[in-house]
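Heads up, the thing below is written out as structure tokens.
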Amino acid sequence: VPTVTVAPTTTTLYTVQASAPTGCATTDQLLVTVYPAVEATLSADTSRFCEGIGTQLIATGGLGNANFEWTPVIGLDDPNSDQPYANPNTNTTYQVVVSEGACSDTATIDLTVNPAPVADYFSSQAAGCEGLEVSFQEMSQNGVNYLWDFGDGSGVTNGASPTYMFAD
């Protein structure tokens, strides 16, 4: 048979003998090397975070000498590292190709970037005498929880638009 297909699961040395009608024969050997499969895995400290915070990505695979190639590279501190820090400004799906020797595998992860709140308030007055009552009007973007500390030891309040009397 002039063509043979093989599917070895381990490295195997094959020997073939060819002969001609004249009775002449020759032998050849071929080593088929089978490398261990690379199984890429990918995780993150968190896959959901606020804009500007970021997360640590962790890729694994190979036997210790693997190469890591990330796409897209936007928002990554080192696109060839197995543990880049990702800080994209929008939802992003990252893909890593882990390769070692002749083998490679791919893994992906979806990161959700929540918009960061922008604190913005209007006050009814910025200065006055003791007993000053000030109303604060909430004009923030993406705010859902509020925590006010007026700095006088009176505790905190969590209203969006509180009114506070500054005593002595």
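Report Ser47's accessible area, 1.4 Å probe, all protein chains in place, as a number in Å² to the nearest 10.
50
Taking the dipole about the Cα centre of the chain, with the C-beta of Lys and Arg at +1 and of Asp and Glu at -1, give me whichever of Ala160, Val97, Thr27 is farthest to the positive side.
The one lying farthest along the dipole's positive direction is Thr27.
Which residue, Asp152, Asp78, Asp110, tops the fluctuation ranking in a GNM of the chain built on C-alpha contacts under 10 Å?
Of Asp152, Asp78, Asp110, the most mobile in the Gaussian network model is Asp152.
Over segment 58-103, what percent of the accessible surface lies on carbon and sulfur atoms, probe 1.4 Å?
Summing carbon and sulfur atoms, their accessible area is 47 percent of the total for segment 58-103.
Could you order peptides 20-27, 101-108 by the average number of other Cβ atoms within 10 Å of their residues, highest first?
101-108, 20-27
Per the Debye formula with a single identical scatterer at each Cα and no solvent contribution, what log10 I(q)/I(0) holds for the chain at q = 0.09, 0.12, 0.17 Å⁻¹?
Listed by q, the Debye log ratios stand at -0.61, -0.78, -1.00.
Report the charge-dipole magnitude of the chain in Debye, nearest 20, computed about the Cα centre from +1 at each Lys and Arg Cβ and -1 at each Asp and Glu Cβ.
880
Got a sec? Which residues in segment 89-125 would a label at Ile53 touch, if it sits 7 Å along Cα→Cβ and we count backbone N under 12 Å?
112-117
Each label point is 7 Å from the Cα along the Cα-to-Cβ direction; what then is the distance between the points at Thr93 and Thr12, in nm?
Between Thr93 and Thr12, the simple spin-label model gives 3.8 nm.
The values are calculated or read from the model by the stated rules, or taken from the named source; none is laboratory data. All of these numbers come straight from a predicted model, not from anything done at the bench. No Cβ is skipped: glycine too gets one built from the backbone with ideal geometry, and neighbour counts run over all protein chains shown. Accessible surface areas use protein heavy atoms only, side chains included; no ligands, DNA or RNA. Shrake-Rupley method; radii C 1.70, N 1.55, O 1.52, S 1.80 Å.
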